[in-house]
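The values are calculated or read from the model by the stated rules, or taken from the named source; none is laboratory data. Computed from a predicted structure; not experimentally measured. As a convention, Cβ positions derive from the backbone with ideal geometry for all residues, glycine included, and neighbour counts pool all protein chains shown. The protein model used for the area step is the full one, side chains on, heavy atoms only, and it has no ligands, DNA or RNA in it. Shrake-Rupley method; radii C 1.70, N 1.55, O 1.52, S 1.80 Å.
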Amino acid sequence: MRYAPPGLCVNDFDLLRHADGAYTVLHLQGPWTAEFDHLRMETSYGRATSADLVHWEPQGTAFGNGLPGRFDQQAVWTMHAFPHGTGMAMLYTAVSGLTPDGWPLQSVGLAYSERTDGTGWRRHGAGPVAEADPRWYRTGERMGWRDPFVVRDDESDGWVMVVCASDASLPVEVGGCVAWATADDLEHWTVHPPLISPGDVDELECPVLERLDDGSWLLLGSVGATRGFEAWTAPRLRGPWTRRGPLGPTGAYAPRVVVAPDGSRVVLHTTPRRVGLADTGDPCRGMLAQPKTLVAPPGEAPRLAWWPGLEPWLGELTGDPALHAVGDVDVSGRTEVVLRAGDPGDDSAALAVACEGTDLRVNGPGGRVLSRTVLPSPASALRILTIGEYVEVYADGVFALTALCYSGRPAPWTATAADGARQVPVRPIRLPDPYRDDASAVWSGPPATTATAPVGAGGEDGVRIGGTPGTTPPVPGASASEALPPWSTRAGRPGPRRNLSAANGPRGK
């Protein structure tokens, strides 16, 4: 449902869909440490496999930084792997070292593999295949030349690569752009002026190109300042490009597009966590979130919608408390949906979703606003998903808001509007690995009937479930009672640690 390898965090990633319908994810990874250094700790790619884009199995490390003295000796960042011949090719971000002021020096490297499973990589030579051209892009302090993404050229038999860069003609604070280059053979690239340079973006990261059903192109780019991603469309790769606005809300980052098992086109993205797994912690690297359906009508702005592929992981409707659940709420006037209550004996709202007209927000303890957005039009219906501390809200079927909340205890969902209060039935979510006690899933606790744990400690969301000796993890098709053991909590949470986002580098790669 959400994924990170044991003991590690997930950052930018790439998705491979194989001929047999299985999937592989390659991802940046780093440890949970109080002093996170993206140049010393994000030096390898993790790999995981899945049959359904929901249940991911870690498969270990697939690639790492280069030998001392090489262009990728310091770190390897975001990659794009794709079929090439009978094997695969991969363009990847290489970091050789630092500028005098400590800024990472980035370039693009190339690797090949005779395999198709995301392993067996060998570098092409000892130097990069593409570097920033100083005629158009910054090449020293505050430079950017990372996150390559490659597609076949729609005007030749060659290749087109887009790259996150910094437009040298603009102030650095608004110089974020998408650079592009062309090549006949993946090894000899010609760099061109910016493909997209909005003039109001600090960093335009992780650009992704997707050809739509009508032959036009969709480009997704993550905006450093908003921590969400936007969309552009064009009839051809060379443009003209039309800015379509935000597609992924704040908290959804580094998207990738892939064909799902049901044949639909879906978007996966990362979602952050908080340092110390506490509401007081700063945002930091996190996990891979569940897919969303990509809806891209010709000539219109794309949108993300609920993906039906999650339905097999949902239980039957219930009114019982559930930490991991999906619920639907009709909205009429100002409506507040309480998802969690305070500590035992305190029935005040610890987590709630509120909607009034176009104002949509998620509130934490004491009514503190955790996240907020303005909808294009008043919502008539909401779908709310909670997995541990993670909250998603869909307004009239469109993915609109995310939030993190480590506080409170599960309670029956209750919606309050002008006409009074009503209970909201929910469908409990059965996690693929419910008993993992690390970054991948909420821990159900040791086998015990009276076990208690502090709120904000134990699992990824900080709430522990009292387990039952001899039980096995629930699986799709199990009843709601099998999926959700009784709850037991008490006060307390771990203290915050230093921000793991490594803000000294480009968005803390």
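Go through the range 190-265 and name the trypsin sites (Lys or Arg not before Pro) that are in a DSSP coil and have 13 or fewer other Cβ atoms within 10 Å of their Cβ.
ARG236
Compute, for the range 216-344, the length of the dipole vector about the Cα centre, with Cβ point charges of +1 (Lys, Arg) and -1 (Asp, Glu) only. Units Debye, rounded to 20.
Rounded to the nearest 20 debye, it is 920 debye.
Leaving out ligands, DNA and RNA, what percent of the accessible area of the range 1-127 is carbon and sulfur, probe 1.4 Å?
For the range 1-127, the apolar C and S fraction of the accessible surface comes to 50 percent.
What length, rounded to one decimal in nm, is gained on full extension from ALA126 through to ALA19, with 0.36 nm per residue of separation minus their alpha-carbon distance?
35.3 nm
Per-residue HN-Hα couplings for the range 132-149, Karplus 6.51 cos²θ - 1.76 cosθ + 1.60 at θ = phi - 60°, whole Hz, x for Gly and Pro?
For the range 132-149, the Karplus curve yields 5, 8, x, 5, 10, 10, 5, 10, x, 4, 6, 6, x, 7, 8, 6, x, 9 Hz.
Roughly speaking, what is the centre-to-centre gap between the range 164-226 and the range 109-161 when only Cα atoms are used, to the nearest Å?
Result: 13 Å between the Cα centres.
Compactness ratio of the range 311-395: Cα Rg over 2.2 N^0.38 Å, N = residue count?
Ratio of Rg to 2.2 N^0.38 Å for the range 311-395: 1.09.
Could you tell me what fraction of 2.2 N^0.38 Å the Cα radius of gyration of the range 262-305 comes to, as a two-decimal ratio?
1.63
Please give the contour-minus-distance gain from GLU57 to SER380: 0.36 nm per residue of separation, less the Cα-Cα distance, rounded to one decimal in nm.
Stretched fully, the GLU57-SER380 segment lengthens by 112.5 nm.
Just the number, please: carbon plus sulfur as a percent of the accessible area of the range 178-294, 1.4 Å probe, no ligands or DNA/RNA counted.
Summing carbon and sulfur atoms, their accessible area is 49 percent of the total for the range 178-294.
Mind giving me the FRET efficiency for LEU317 and ARG236? R0 is 51 Å, r the Cβ-Cβ distance, nearest 0.05 is fine.
FRET efficiency, LEU317 to ARG236: 0.60.
Calculate one ³J(HN,Hα) per residue across the range 417-426 by plugging θ = phi - 60° into the Karplus curve 6.51 cos²θ - 1.76 cosθ + 1.60, and present them in order as whole Hz with x for glycine and proline.
9, 4, 8, x, 10, 8, 7, 9, x, 10
Whole number in Å², please: accessible area per residue of the range 250-403, 1.4 Å probe, ligands, DNA and RNA not counted.
Here the residues of the range 250-403 average 34 Å² of exposed surface.
Expressed as a whole percentage, what fraction of the accessible surface of the range 328-369 belongs to carbon and sulfur atoms when a 1.4 Å probe is rolled over the protein heavy atoms?
43 percent
Just to confirm, what accessible area per residue do you get for the range 184-232 at 1.4 Å probe, in whole Å²?
Result: 36 Å² per residue.
Return the distance in nm (one decimal) between the two label points of a simple spin-label model at ASP213 and SER332, each offset 7 Å from Cα along Cα→Cβ.
It works out to 3.6 nm between the two label points.
Say each of VAL369 and ASP262 gets a label point 7 Å from the Cα, pointing the same way as Cα to Cβ; how far apart are those two points in nm?
Calculated label separation equals 3.4 nm.
Per-residue HN-Hα couplings for the range 54-59, Karplus 6.51 cos²θ - 1.76 cosθ + 1.60 at θ = phi - 60°, whole Hz, x for Gly and Pro?
10, 9, 9, 10, x, 10
Just to confirm a number: summing +1 for Lys and Arg and -1 for Asp and Glu over residues other than ARG334 whose beta-carbon lies under 15 angstrom from that of ARG334, what do you get?
Surrounding charge for ARG334 is -2.
Answer with one residue from LEU360, PRO312, PRO240: the one whose Cα lies farthest towards the positive end of the charge dipole of the range 229-369, charges on Cβ with Lys, Arg +1 and Asp, Glu -1.
PRO240
Work through the residues other than GLN29 whose Cβ is under 11 Å from its Cβ and net out their charges, Lys, Arg +1 and Asp, Glu -1.
In short, 0.
Can you work out the FRET efficiency for the pair GLU114 and HIS188, with r the C-beta to C-beta distance and R0 = 22 Å, to the nearest 0.05?
Computed FRET efficiency for GLU114 and HIS188: 0.50.
About the Cα centre, and with charges only on the beta carbon of Lys, Arg (+1) and Asp, Glu (-1), how big is the dipole of the range 150-282? Nearest 20 debye, please.
Once rounded to the nearest 20, the dipole reads 420 debye.
Could you tell me the largest-minus-smallest coordinate of the C-alpha atoms of the range 154-276 on each of the three principal axes, in descending order and whole angstroms?
The Cα atoms of the range 154-276 stretch 49, 45, 28 Å along the principal axes, largest first.
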